[in-house]
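Trainee: Input: one structure, supplied below.
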Amino acid sequence: MPRTYQKLHRARAARNDEFYTRYEDVKAECDHYLAHFFNKIIYCNCDTESSAFVRYFMELKQRGLVRDVWYSGGLGGDDFRSQDSIAKLQAADIVVTNPPFSLFREYVDLLIEHEKQFLIIGNHNAIGYQKLFDKIKNNEIWFGIRRWTGGMNFITNDGIRGVSAVWYTNIKHGVIPPELPFTKSVDMPQYDNSDAVNIDKSSNFPPDYKGIVGVPITFLQWYNPDVFQILGRDKDFTYDKKVCRINGKSKYIRLFVQRKN
Ligand SMILES: C[S@@+](CC[C@H](N)C(=O)[O-])C[C@H]1O[C@@H](n2cnc3c(N)ncnc32)[C@H](O)[C@@H]1O
């Protein structure tokens, strides 16, 4: 990449990171985890003092509902990858934040490496990240309580912007996702490179079908591990280890799932 382009690319990535979470969204989700937060050290490692996360947890601290709240200081503050931040990460009990989109993979890697409890915001598409997907498949990471519909609104320098974001967590909140709606039966063609069949819309998943079905990632909003098993992603599962194809045409990311008995 030429240097000027690299610089531009970085600047764009940084600008795309400046999406601030609204207080009401933090509260609506986090209020469900109060029992988990009680007496814990909460670390908001991508946040300044003015962040909605820090304000929310400071209030809990004043009410004696968390032990302490630590934050990074944000841009110009501690990088979440710095030694200081990692030391705090290890010492804290639970990490709660909306990390920079451009560093999401690195961010998730760090949480997984340090086996932290967390509640974070990320894009729907982050599911395409293999390590995160594997944890979701194994029911070690799941989604928060907020539903996927409509995404989430964030505060940016250009006003409010909608993003297809969800909460990712490994804290048990006990809320079961809604039942997968069924609208109508459609033809379910078999892939060229797998025995499984394809559907493009999760609501076309027949309630009585027990075979393996390739579904779009949005299926996960209805994923209940008591009802479905996730077998793998397209590339883990196709004969040629490539994305799913039908009549030579590639499909966007597909997950292979099967209804449990
Ligand atoms: C999506 S914004 C969210 C900000 C805040 N957590 C919130 O929810 O309002 C991500 C923030 O992470 C900060 N950031 C970017 N790179 C970072 C890094 N390496 N370490 C810590 N924070 C970083 C950005 O400045 C940005 O404010």
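The numbers here are math on the coordinates, done by the rules we state, and not lab data. This structure is a prediction, so every number in the text was calculated from the model and none was measured. Using ideal geometry, Cβ is built from the backbone for each residue, glycine included, and neighbour counts are taken over all protein chains shown.
Trainee: Kindly put Ile136, Ile42, Ile160 in sequence by how many other C-beta atoms sit within 10 Å of each C-beta, fewest to most.
Mentor: Going from least to most buried by this count: Ile160, Ile136, Ile42.
Trainee: Once every DSSP H run of n ≥ 4 in the chain is given -39500 (n - 2.57) and the sum is divided by its residues, what mean residue ellipticity at 222 nm do you get, rounded to the nearest 500 deg cm²/dmol?
Mentor: Calculated at 222 nm, the ellipticity per residue is -7500 deg cm²/dmol.
Trainee: Counting other C-beta atoms within 10 Å, which of Leu180, Leu255, Leu65, Leu220 has the fewest, and how do the rest follow?
Mentor: On the way: Leu180 18, Leu255 25, Leu65 15, Leu220 22.
With the sparsest Cβ surroundings first, the list reads Leu65, Leu180, Leu220, Leu255.
Trainee: With +1 on each Lys and Arg Cβ and -1 on each Asp and Glu Cβ, how big is the dipole of the chain about its Cα centre, in debye rounded to the nearest 20?
Mentor: Working: 36 positive and 31 negative charges, 111 e Å.
Taking the Cα centre of the chain as origin, the dipole is about 540 debye.
Trainee: Among Gln130, Ala92, Phe143, pick out the residue whose Cα is farthest towards the positive end of the charge dipole of the chain, where Lys and Arg carry +1 and Asp and Glu carry -1 on C-beta, about the Cα centre.
Mentor: Gln130
Trainee: Something else now. What is the magnitude of the charge dipole of the stretch 165-261 about its Cα centre, with +1 placed on the Cβ of each Lys and Arg, -1 on the Cβ of each Asp and Glu, and no other charges, expressed in debye to the nearest 20?
Mentor: About 200 debye.
Trainee: Also: For the chain, compute the orientation-averaged projected area of the C-alpha convex hull (one quarter of its surface), in nm².
Mentor: 16.3
Trainee: Suppose a student asked you for the relative contact order of the chain, using Cα pairs under 8 Å spaced at least 6 residues apart; what percent would you report? Let's see the in-between values first.
Mentor: On the way: 452 pairs, mean separation 35.5, N = 261.
With pairs under 8 Å counted, the relative contact order is 14 percent.
Trainee: What ranking do 205-214, 89-98 get when scored by the average of other Cβ atoms within 10 Å per residue, highest first?
Mentor: Details: 205-214: 15.7, 89-98: 20.1.
Top of the packing list down: 89-98, 205-214.
Trainee: Based on the Cα gyration tensor of the stretch 41-176, what are the three equivalent ellipsoid semi-axes, each the root of five times an eigenvalue, rounded to whole Å and given largest first?
Mentor: Equivalent ellipsoid semi-axes, largest first: 22, 18, 16 Å.
Trainee: Can you work out the base-10 log of I(q)/I(0) for the stretch 117-223 at q = 0.14 1/Å, using the Debye formula on its C-alpha atoms alone?
Mentor: -0.67
Trainee: Would you kindly state how much longer the chain becomes between Ala35 and Gln229 on full extension, computed as 0.36 nm times their sequence separation minus their alpha carbon distance, in nm to one decimal?
Mentor: Gain on stretching Ala35 to Gln229: 66.9 nm.
Trainee: If you don't mind, there's one more thing I want to ask. Size of the dipole of the stretch 104-213 about the Cα centre, Lys and Arg at +1 and Asp and Glu at -1 on the beta carbon, nothing else charged, in debye to 20?
Mentor: Roughly 400 debye for the stretch 104-213.
Trainee: Can you find, among Ala35, Tyr23, Asn193, the residue sitting farthest towards the positive end of the charge dipole of the chain, where Lys and Arg contribute +1 and Asp and Glu -1 at Cβ?
Mentor: Asn193
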